[in-house]
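Student: What follows is a single structure, and I will ask about it in a moment.
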Number of protein chains: 6
Amino acid sequence: MHVLVVNCNTSPEITEVIRAGAVTAASQDTEIVAIQPAWGPESAEGFYESYVTAAAVLDAVRTHDGPFDAVVMAGYGEHGREGMRQVLDVPVVDITEASAQLACLVSYRFGVATTAVTAVAGIEESLRGAGSWSRCAGVLATRVPVSAIHQDNELALQALGETGRALLDRGADSIVLGCAGFAGLDRGLEELLGVPVLDGVACAVAVAEALVRLGKVTSKRGPFRAPSATKKWIGWPRTV
Amino acid sequence: MHVLVVNCNTSPEITEVIRAGAVTAASQDTEIVAIQPAWGPESAEGFYESYVTAAAVLDAVRTHDGPFDAVVMAGYGEHGREGMRQVLDVPVVDITEASAQLACLVSYRFGVATTAVTAVAGIEESLRGAGSWSRCAGVLATRVPVSAIHQDNELALQALGETGRALLDRGADSIVLGCAGFAGLDRGLEELLGVPVLDGVACAVAVAEALVRLGKVTSKRGPFRAPSATKKWIGWPRTV
Amino acid sequence: MHVLVVNCNTSPEITEVIRAGAVTAASQDTEIVAIQPAWGPESAEGFYESYVTAAAVLDAVRTHDGPFDAVVMAGYGEHGREGMRQVLDVPVVDITEASAQLACLVSYRFGVATTAVTAVAGIEESLRGAGSWSRCAGVLATRVPVSAIHQDNELALQALGETGRALLDRGADSIVLGCAGFAGLDRGLEELLGVPVLDGVACAVAVAEALVRLGKVTSKRGPFRAPSATKKWIGWPRTV
Amino acid sequence: MHVLVVNCNTSPEITEVIRAGAVTAASQDTEIVAIQPAWGPESAEGFYESYVTAAAVLDAVRTHDGPFDAVVMAGYGEHGREGMRQVLDVPVVDITEASAQLACLVSYRFGVATTAVTAVAGIEESLRGAGSWSRCAGVLATRVPVSAIHQDNELALQALGETGRALLDRGADSIVLGCAGFAGLDRGLEELLGVPVLDGVACAVAVAEALVRLGKVTSKRGPFRAPSATKKWIGWPRTV
Amino acid sequence: MHVLVVNCNTSPEITEVIRAGAVTAASQDTEIVAIQPAWGPESAEGFYESYVTAAAVLDAVRTHDGPFDAVVMAGYGEHGREGMRQVLDVPVVDITEASAQLACLVSYRFGVATTAVTAVAGIEESLRGAGSWSRCAGVLATRVPVSAIHQDNELALQALGETGRALLDRGADSIVLGCAGFAGLDRGLEELLGVPVLDGVACAVAVAEALVRLGKVTSKRGPFRAPSATKKWIGWPRTV
Amino acid sequence: MHVLVVNCNTSPEITEVIRAGAVTAASQDTEIVAIQPAWGPESAEGFYESYVTAAAVLDAVRTHDGPFDAVVMAGYGEHGREGMRQVLDVPVVDITEASAQLACLVSYRFGVATTAVTAVAGIEESLRGAGSWSRCAGVLATRVPVSAIHQDNELALQALGETGRALLDRGADSIVLGCAGFAGLDRGLEELLGVPVLDGVACAVAVAEALVRLGKVTSKRGPFRAPSATKKWIGWPRTV
């Protein structure tokens, strides 16, 4: 099985963190291919950057050459998943959705620890759209910039610990890592906090594998039916 | 990996249908053990029967002898999952939750085709509690009794087809099989309707495997902390 | 008029507290019969215990011998009321619902002071199901164990006072006693807090009397229609 | 016990229908006093008329001479109950709230059969404010004018039967009479439809009695604290 | 264009504040006519006073002599707008709705700074009815009496600053002035807080002008169709 | 005053329709500048196209040369408004929000008549995000392709009439034109249906003018604070 994991930003370091996390979570017979958009910001921490990455990620997958059985969208809380489901038949798993779903199975209410304050509102809307909001105890920012995580894992873990405790105080009994760049930090945070910690990339890979094994594909009857093939487009898909 | 699959009713025929469905969905290295309560109704199709099976299923798992890494609760829309999460550390996956979650990844809105009219209200409450209600287009009854499904699969499939079409008309673009006894009928219904059909037993087994592989266990910090060990009980757990 | 009041746990002391509270609230021509299940925990303070008591209470009423015109379910926030409504024609009044309803008539938002932290989530779900959640300012735990209340009423009252004040700070302008074992403490707490305090047992008895006088019975058209009489059951109803 | 029942409109015929219904529902030792505003419309069937009656009813009660232990506001879906609770210490029971509450105890979802189409929106808002909306299957108009009900009870009953059946088709399993002028028609409609029918006036009187017997008064801590006594008013309270 | 601006209370000083604010916000070719009810309280700070002013304002507009192209209801959070829409064809703009709408265009979540604590609940209900509640971060009271604002603008501004900061801490990124008497204080508060501040009177005048220019009138098909012309009324409309 | 009106698609014909509609609605002293993205689809009728246009519209405004006092986003139900608010200080008015807001002032519930079935889900999400969903009676598709509207206005009007009547039957008492390409058809549809019809482009221009006159700018405190100026971007902003 081939799972295509798409980072939403243009930072190769973060793509590598995501790739490594995906490989660790994947079954032995799953091949992970990690890509990133050809254009856009080095990190997405707010509405503006999120909307640009949504288009850039769609562009990256549409122009990607090579087979895949499922796509994992590795931008926590970012826009675009419904558009991806329109243009693909294979399952599309957003790390935001997958981690919230698994959190709901091992806890009563999850809290999300994200990076920047400006990302919070978009994450809340994404969870609302996914239908998981009623089980969320809150979304809080660690104030660790996305670009800083992989440079100092210890600092990131410490910040996640503080934010995690604030979420537990608000009624959460599990924590979701609210940034793809946090991939791999779930074990460390579980040791700190004593509650389940859900890593979006790992969750999404595992759920994508489950969907492929079950033979499920994306519905083409509703809002995800393929876009018109005859519509005129200018400058799309594009290369930089 | 051992996955304990618990039918909610006392019908050995339905337990066998569920077991077969679980085995089909499971990975090769997963061993499925299917059990049923020692007491209770031969099927649960409404609040009264659901509450009795909730206790009977808790009783069955507590008195079950043998190791397991996850529990699948194979009673669609039935009560009890939060109680099971309290008394176990391993992941507890309710087929109602798991199938709704996977449906949300491959479609925009799912519809539930269940058995009896009397079961509808309880299913709606279960989906609300799970947090998946906002993505549900409706719950409709096929009026096929639980006990009749395995006796005439063709008839069941035909009824599912009619109810499924009614759900698509209401805006669903995927169908969830709203009874564990429907296990295995997803492929046939997909052919009839041309949309993804989610079989709760298969979904729950796949999701349970994912949780075990990811090393996740049930949070013991919130409402799922273990019940007091020193509390006095009368006649519990019990044997018939 | 005969009102059957059912404690949800197997503690005869709590049954006696409930019986006394019911008698005080009842009209002169109402005969109170208080019973308790033959099996189950000595108190219900979380999901697991609640699901067992739901079945045990259904069992107790089904095997009860003697006439009654209404049932009061005296387990605050516990499961089972919809099942009881299925198997009976007479009105079934849950103390959770009745006290929330009367609180809504004499205040703008009520707060619930319950016993254990583990009971909070189940109470919130019960109020949501009843339809009273939008008028609830919060559910907080006194951390007084159910079994300790009748042993030291003064201590219980003091704890209720502290928790009650926290609820008033959250916007409540009335308090609901969130445990049947608190029966009879409403007057004392009203003196402490200066706001209406609703005792579930008293409220439920008064409302049950009202329903009987108005000649109302439980609807048999919707989800509360009687369960199938021909269904096969194993080991139910039961005696220990 | 004295219960003051206030019709919201200026029709003495409807006041008499309400008074008779209240007397029938009341206990022997309860004295019913029925009044009506000195000014306003002969019936309230929409927002404009409702807002005028709200003020007129507040005026009528403030200028009423004589003792009472509770007030029943007998205008179905009409505005004003929160204002009445501010100016009185005794319980204030709105027929809209009381009938919805009792309906929730004897059925799963109630439907409201009212008079004019223009009254529907206001009734929905009243139920939402009361917190009972989530248990309501719908509000439908019989198109019987308020003033016509008492002139031809048979015609009113027939219209209620048709509207009631439409509500049952929408999932209601009980019916609430959505106009004080329908007082006394619950029995006849129960015979027609075979489900519980709740008469607001009867329900409110029974619930008011319950509150008085339980010794409950209106909270003065929150939004219902008494208005300032020193505020300057012009032309209020008034006489025509 | 003539815009009729109606103060909800009987204080000529507040009417003058409102008139001045409306004139400042209006276009050069718009003539502002500001009126006040002939009866009622000198300020509305709670449910009781609000319901009386609703009727008094309806009375004032119905008996007003002179042409107008739109009505601005200048009572923040007060009742009556739906009734006014029934009796008029021209647009009716409530300052509560208009300021919330414009706030939603220049910020993500608005907070409301009102006068008395007793006014908070009614304001929340008004925003819920208007459909703007999901974008509101909270309603807080400055505890400045309505009658004191125009006597000491500096004090009012200081109190608004404190309350505004508390709202920003709760997640608001704009502030709505929650009393018509605050008209004109938006600029000062914007300087204090550095976020947009919406003055209801100014917003409502600007939106009313927009509606008139667009040629829009009130729908007469739904709940705002005109009340029956043949209905019998007693003592209405009235003069003191 | 300069108002920059941005079509979301790359069709110059639709940009011209939008420009003409905006000019008609604008005050004499307002200069309308209408632009369109340099890349993307000729129309947006679903999630995929919507996400691409969101980025293309952001790109178009960021690279636009010339002064403007407000932006009108003329893509009905399309994504991106929150991102635009981040990168601009001047008011950003989405036609989806503005038309829903004005509809709420002249009717009780609005219905949206849009073009393609695939656009419905995205429109519903946009209204939910805007906070106007609770006042919406439904979104229905005329099945008129965006590109066909300006080619045959009579056909478009006829289709709007049919869809509009279906929305009135669902409880709407006003209609919102659910596509920027419908600009200018409001008068014709008002004549057909006899209820207010809101044209998004006209409403947004009028509301943008109101915001500019009131001197309001976009809040920079919350999620709309400007994106980091030091972040590294690849290939953005871009030209085709």
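The values are calculated or read from the model by the stated rules, or taken from the named source; none is laboratory data. Owing to the predicted nature of the structure, the values given are computational and were not obtained by experimental measurement. Glycine gets a Cβ as well: all are built from the backbone with ideal geometry, and neighbour counts include every protein chain shown. Remember, those area values only see protein heavy atoms, side chains included, never the ligands or the DNA or RNA. Shrake-Rupley method; radii C 1.70, N 1.55, O 1.52, S 1.80 Å.
Student: May I ask you to rank E:107, E:228 by accessible area, largest first, using a 1.4 Å probe over the protein chains only? Mind showing how you got there, number by number?
Tutor: Values: E:107 0, E:228 60 Å².
Correct descending sequence by accessible area is E:228, E:107.
Student: Relative to the longest principal axis of the C-alpha atoms of chain B, give the angle of the C-alpha long axis of helix B:12-25, reported between 0 and 90° and rounded to the nearest 10°.
Tutor: Relative to chain B, helix B:12-25 is tipped by roughly 80 degrees.
Student: Cut-off 11 Å, label point 7 angstrom out along Cα-to-Cβ of residue B:233: give me the residues of the range B:27-64 whose amide nitrogen falls inside.
Tutor: Residues passing the 11 Å test: B:58-64.
Student: Oh, and also: Could you check which residue among F:208, F:148, F:22 shows the biggest mean-square fluctuation in a GNM of chain F with a 10 Å Cα cutoff?
Tutor: Fluctuation is largest for F:148.
Student: Would you jot down the residues in the range A:218-233 that end up with at least 10 Å² less accessible area in the complete protein assembly than in the chain alone, with a 1.4 Å probe?
Tutor: A:218, A:219, A:221, A:222, A:223, A:224, A:225, A:227, A:231, A:232, A:233
Student: Counting only protein heavy atoms and a 1.4 Å probe, tell me what percentage of the range B:1-141's accessible area is made up of carbon and sulfur.
Tutor: 47 percent
Student: Ignoring ligands and nucleic acids, what accessible area does residue D:160 show with a 1.4 Å probe (Å², nearest 10)?
Tutor: So the heavy atoms of residue D:160 present about 0 Å² to solvent.
Student: With the calculation restricted to Cα positions, what are the radius of gyration and Dmax of the protein assembly as shown in angstrom?
Tutor: 31.2, 87
Student: Sticking with this structure for a sec: Inter-copy label distances at residue A:215, 7 Å along the Cα→beta-carbon direction, one decimal in nm, shortest first?
Tutor: 3.4, 6.1, 6.1, 6.9, 7.0
Student: With only Lys, Arg, Asp and Glu charged, each at its Cβ (+1 for the first two, -1 for the last two), find how big the charge dipole of the protein assembly as shown is about the Cα centre; round to the nearest 20 debye.
Tutor: In debye, rounded to 20, the protein assembly as shown gives about 0.
Student: So, in Å, what gap is there between the alpha-carbon centers of the range B:158-187 and the range C:169-193?
Tutor: Between the Cα centre of the range B:158-187 and that of the range C:169-193, the gap is 48 Å.
Student: Residue-wise, which Karplus ³J(HN,Hα) couplings in Hz belong to the range A:182-199, taking 6.51 cos²θ - 1.76 cosθ + 1.60, θ = phi - 60°, and x for glycine or proline?
Tutor: 7, 3, x, 8, 5, 4, x, 6, 4, 5, 5, 9, x, 10, x, 10, 9, 9
Student: So, one more: Between chains C and B, what is the buried accessible area in Å², counting both sides, with a 1.4 Å probe and ligands, DNA and RNA left out, to the nearest 100?
Tutor: Separately minus together, C and B give about 3600 Å² buried.
Student: In chain C, with Lys and Arg counted as +1 and Asp and Glu as -1 at Cβ, which of these residues, C:175, C:131, C:110, has the Cα nearest the positive end of the dipole, that is, farthest along it?
Tutor: Value computed over the given set: C:131.
Student: Can I ask one more? How charged is the neighbourhood of residue B:35? Take every other residue with its Cβ under 14 Å from the Cβ of residue B:35, and add Lys/Arg as +1 and Asp/Glu as -1.
Tutor: Taking every other residue near residue B:35 into account, the sum is -2.
Student: For residue F:28, go 7 angstrom from Cα along the Cα-to-Cβ vector, then report the distances to that same point in the other copies in nm, smallest first.
Tutor: For residue F:28, the other copies' label points sit at 0.9, 8.3, 8.4, 8.4, 8.6 nm, shortest first.
Student: What is the mean number of Cβ atoms from other protein chains located within 10 Å of the Cβ atom of each residue in peptide F:133-141, rounded to a whole number?
Tutor: That works out to 2 on average.
Student: FRET efficiency for residue A:155 and residue E:169, Cβ-Cβ distance as r, R0 = 25 Å, nearest 0.05?
Tutor: 0.40
Student: Also, I was wondering about something else. What does the charge count near residue A:221 come to, summing +1 for each Lys or Arg and -1 for each Asp or Glu among other residues with Cβ under 13 Å from its Cβ?
Tutor: Local net charge: +2.
Student: Starting from the Cα of residue A:2, step 7 Å along the direction of its Cβ; do the same at residue E:187; then give the gap between the two resulting points in nm.
Tutor: Simple spin-label model gives 6.5 nm for this pair.
Student: What does the accessible area of residue B:179 come to, in Å² to the nearest 10, when a probe of 1.4 Å is used?
Tutor: Roughly 20 Å² of residue B:179 is accessible to a 1.4 Å probe.
Student: Residue C:16 to residue E:226: FRET efficiency via 1/(1 + (r/R0)^6), r the Cβ-Cβ distance, R0 60 Å, to the nearest 0.05?
Tutor: Result of the calculation: an efficiency of 0.40.
Student: Okay, next question. Please report the antiparallel percentage of the DSSP beta bridges confined to the protein assembly as shown, to the nearest 5.
Tutor: 5 percent
Student: Send over a whole-number figure in Å² for the accessible area per residue of the range B:1-77, probe 1.4 Å.
Tutor: About 31 Å² of surface per residue is accessible.
Student: Just A:114, A:24, A:96 to compare: in a GNM of chain A, with alpha carbon springs under 10 Å, which one fluctuates most?
Tutor: Maximum fluctuation in the GNM of chain A, among the listed residues, is at A:24.
Student: Out of the total accessible area of the range B:165-224 (probe 1.4 Å, heavy atoms of protein only), what percent is carbon and sulfur?
Tutor: The value for the range B:165-224 is 49 percent carbon and sulfur by accessible area.
Student: How far is helix E:120-130 tilted, in degrees, relative to the longest principal axis of the Cα atoms in chain E, given as a value from 0 to 90 rounded to the nearest 10?
Tutor: Compared with the principal axis, the helix lies near 60 degrees.
Student: With everything on Cα atoms, drop me the angle between helix A:47-62 and the longest principal axis of chain A, reported from 0 to 90° to the nearest 10.
Tutor: Helix A:47-62 and the main axis of chain A meet at about 50 degrees.
Student: Something else: Select the chain F residue whose beta carbon lies nearest to the rotation axis carrying chain F onto chain E, and write the distance in whole Å.
Tutor: Closest to the axis: F:101, 2.
Student: Place a +1 charge on the Cβ of each Lys and Arg in the range B:11-51 and a -1 charge on the Cβ of each Asp and Glu, then give the dipole magnitude about the Cα centre in debye, rounded to the nearest 20. Before the final figure, lay out each step's value.
Tutor: Working: 1 positive and 7 negative charges, 14 e Å.
I would put it at about 60 debye.
Student: While we're looking at this one, here's another question. Where the only charges are on Cβ atoms (+1 Lys, Arg; -1 Asp, Glu), what is the dipole of the range A:1-146 about its Cα centre, to the nearest 20 debye?
Tutor: Dipole of the range A:1-146, to the nearest 20 debye: 500 debye.
Student: Add +1 for every Lys or Arg and -1 for every Asp or Glu among the other residues with Cβ under 11 Å from the Cβ of residue B:12, and state the total.
Tutor: Net charge in that neighbourhood comes out at -2.
Student: In nm, what does the list of distances from residue E:152 to its counterparts in the other copies look like, shortest first, when each label sits 7 Å along Cα to Cβ?
Tutor: 5.0, 5.0, 6.7, 7.2, 8.5
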